[in-house]
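Enquirer: I'd like to ask some things about the structure below.
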Ligand code: TPW
Ligand code: MG
């Protein structure tokens, strides 16, 4: 078998379902094999950041590696930010970069796309991936690919594969699937004992689920565990959307000062908070009304379990959940489809549109027509998503890179085959909105709601005096037809409702609704966040 075939077969065997990419001369031979072999479908986009975001979203949706194929230098380095985001948010993206051939590298000339040395790119990616391989040795390539893909899955983090262009057609063996590392059964049993003792002794135990639960495909098992343990469940901010399709006793999402005060009080008052796959980040915990003492929590993350002052190393999340399930007798708490009190009852009048109206309209829509997966960008659209019913959600909830929403939505549609709803601010749309032009040829038809406040409004909430947060009024709706979609600009709640109804009914091309939102009008969640942060900072001052 040729090396490129081996690689493609291995990607598929490890669960990858498609490749996003942009070729260049160092990657053309590999792209030729991708296209002609048909092992995995190829979706080319317009700019590498979007390739990275789409592959990241596909990885999140598939719970399997998402593949981003690019050319050396100008291509791969354009994707650094997206891959860093995937690293931070535990998304298993496989970066495959073309590279100069082995012979060219030896010729001593500076090669185009070379930054400082030929190794610069490899070293840059070392910082934002958990494993790097250069496939310059056909005999060792299968083992190296196997190890990289195994780590991509077991650590749920990006890996970097560099493929010199003259190695694509070299003969090489097939890639094996490596077995998972063995788990120490004694340590696991002791850990489970300790967790169950802690939970049993607690007055108000609670389970918080985070992104790793999804990354490792554990949502159904964790929902069952929550019911067997009779534990109320919340998601972290980053874990928003988790367990949406299960019957877990889900109360909502912990957002600290920005969230529902009753739910915040319950989480912060819990004497045994079980954090399952929750990343300990500022966006998940930094907005706490009162500091959560992590020493009183049980934390299962990154293949470790920490209770109080000690840690059980090398206990993968899946093994822990399975062991707990085996030990807990089926004392099932009643299922609950609790969706919390998310705003409903949209009024289609002539008042201007605010972000909360959008949440209301989407909630009514999903009640009437079923849930849609959502991809959201950073900005008030992300806070608005917290006011929308629990549904599958991809969002850069921690790394918070703007530009994620539109390409991630394309990745969701490619991966899930379902029509997504994309929520994006005007500032973020300026970054990657153009990528919608790729919908037509792949038959994607997302519904895109642009929150156009002609503003970097999130930044304005921190620093209202700065005029640079004013953006110009770009007419995004007018651009839609040129990109192969349909667009409409709306100012009132009546117009918005009509536009949403039309968008839902019209299939086959993307539907862009440009909701004109007055500057200074915030979603309920962002308004609570701003008020809460001010309260905390005046208390500290
Ligand atoms: C790649 C910093 C965070 S929020 C924001 C900026 C510039 C303004 C977003 O404006 P938008 O949404 O999209 O119109 P809204 O609701 O606030 O009006 N560069 C990158 N990522 C981030 N996070 C920033 C800058 C930022
Ligand atoms: Mg804006």
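Enquirer: I need a count of the residues in the stretch 129-166 that are within 19 Å of the chain's Cα centre (by Cα) and part of a loop (DSSP other than H, G, I, E, B).
Expert: Count: 5.
Enquirer: Please verify whether the stretch 423-434 includes one or more residues that are touching a helix residue (DSSP H, G or I) at 6+ places or on another chain (Cβ under 7 Å), modelled with pLDDT of 95 or more and within 27 Å of residue 247 (Cα to Cα).
Expert: yes
Enquirer: Could you list, in sequence order, all residues of the stretch 414-428 that are within 16 Å of ligand 2 (Cβ to nearest atom) and within 20 Å of residue 91 (Cβ to Cβ)?
Expert: If the condition is that a residue be within 16 Å of ligand 2 (Cβ to nearest atom) and within 20 Å of residue 91 (Cβ to Cβ), then 422, 423, 424, 428 are the ones that fit.
Enquirer: Let me ask something else about it. Scanning the stretch 363-383 for residues that are assigned to a helix (DSSP H, G or I) and either under 20 Å from residue 251 (Cβ atoms) or away from ligand 1 (no atom under 16 Å from the Cβ) (or both), which turns out farthest from the chain's Cα centre (by Cα)?
Expert: The qualifying residue farthest from the chain's Cα centre (by Cα) is 368.
Enquirer: Filter the stretch 461-478 for residues that are in contact with a helix residue (DSSP H, G or I) (Cβ under 8 Å, 6 or more places away or on another chain) and free of Cβ contacts under 8 Å to residues at least 24 places away in the same chain; which is nearest to residue 519 (Cα to Cα)?
Expert: Only one residue fits best here, namely 469.
Enquirer: Same structure, new question: Quick one: which helices (runs of 4 or more DSSP H) sit completely within the stretch 210-307 and have at least 1 residues that are more than 20 Å from the chain's Cα centre (by Cα)?
Expert: Ranges flagged: 219-229, 261-269.
Enquirer: Separate question: Looking only at the stretch 397-413, decide whether some residue is more than 16 Å from ligand 2 (Cβ to nearest atom), assigned to a helix (DSSP H, G or I) and surrounded by fewer than 24 Cβ atoms within 10 Å (Cβ to Cβ).
Expert: Checked the stretch 397-413: no residue is more than 16 Å from ligand 2 (Cβ to nearest atom), assigned to a helix (DSSP H, G or I) and surrounded by fewer than 24 Cβ atoms within 10 Å (Cβ to Cβ).
Enquirer: Between 483, 522, 512, which is assigned by TED's automatic domain parsing to the domain that holds residue 441, in contact (Cβ under 8 Å) with a residue 24 or more places away in the chain and under 14 Å from residue 426 (Cβ atoms)?
Expert: 512 is the lone residue from the list that is assigned by TED's automatic domain parsing to the domain that holds residue 441, in contact (Cβ under 8 Å) with a residue 24 or more places away in the chain and under 14 Å from residue 426 (Cβ atoms).
Enquirer: Now, a different point. Would you check if residue 100 is touching a residue at least 12 places away in the same chain (Cβ under 8 Å), over 24 Å from residue 432 (Cβ atoms) and surrounded by 17 or more Cβ atoms within 10 Å (Cβ to Cβ)?
Expert: Answer is yes for this residue.
Enquirer: Could you list all residues from the stretch 464-477 that are more than 11 Å from ligand 1 (Cβ to nearest atom) and not in a helix (DSSP H, G or I)?
Expert: Passing the criteria: 464, 465, 466, 472, 473, 475.
Enquirer: Another question about this same structure. Return yes or no: is residue 403 within 14 Å of ligand 1 (Cβ to nearest atom) and at positive phi?
Expert: Criteria met by residue 403.
Enquirer: Would a scan of the stretch 170-177 turn up a residue that is in a helix (DSSP H, G or I) and at negative phi?
Expert: The answer is no, given that none of the residues of the stretch 170-177 is in a helix (DSSP H, G or I) and at negative phi.
Enquirer: Could I ask something else about it? Within the stretch 453-475, is even one residue within 16 Å of ligand 2 (Cβ to nearest atom), under 26 Å from residue 505 (Cα atoms), crowded, with 16+ Cβ neighbours inside 10 Å and in the same structural domain as residue 520 (by TED's automatic domain parsing)?
Expert: no
Enquirer: If residue 350 satisfies all but one of (1) in contact (Cβ under 8 Å) with a residue 60 or more places away in the chain; (2) not in a loop (DSSP other than H, G, I, E, B), what's the number of the condition it fails?
Expert: So residue 350 meets the others, but not (2).
Enquirer: Considering (1) assigned to a loop (DSSP other than H, G, I, E, B); (2) in contact with a helix residue (DSSP H, G or I) (Cβ under 7 Å, 6 or more places away or on another chain); (3) in contact (Cβ under 8 Å) with a residue 60 or more places away in the chain, say which one residue 33 fails and leave the rest.
Expert: The failed condition is (1).
Enquirer: Give the residues of the stretch 435-461 that are in a loop (DSSP other than H, G, I, E, B) and either near ligand 1 (Cβ under 8 Å from one of its atoms) or at pLDDT below 95 (or both), sorted by residue number.
Expert: Once the filter is applied, which keeps residues that are in a loop (DSSP other than H, G, I, E, B) and either near ligand 1 (Cβ under 8 Å from one of its atoms) or at pLDDT below 95 (or both), the stretch 435-461 yields 453, 456.
Enquirer: Checking the condition within 16 Å of ligand 2 (Cβ to nearest atom) and assigned by TED's automatic domain parsing to the domain that holds residue 510, which residue from 386, 431 passes?
Expert: Just a single option satisfies the conditions, and that option is 431.
Enquirer: Residue pairs, Cβ under 7 Å, 6 or more apart or interchain, first in the stretch 439-458 and farther than 23 Å from residue 382 by Cα, second away from ligand 2 (no atom under 14 Å from the Cβ) and part of a strand (DSSP E or B). List them.
Expert: What qualifies is 442/43.
The values are calculated or read from the model by the stated rules, or taken from the named source; none is laboratory data. All figures in this text were calculated on a predicted structure; none of them were measured in a lab. Because the Cβ atoms are built from the backbone with ideal geometry, glycine has one as well, and the counts that use them run over all protein chains shown.
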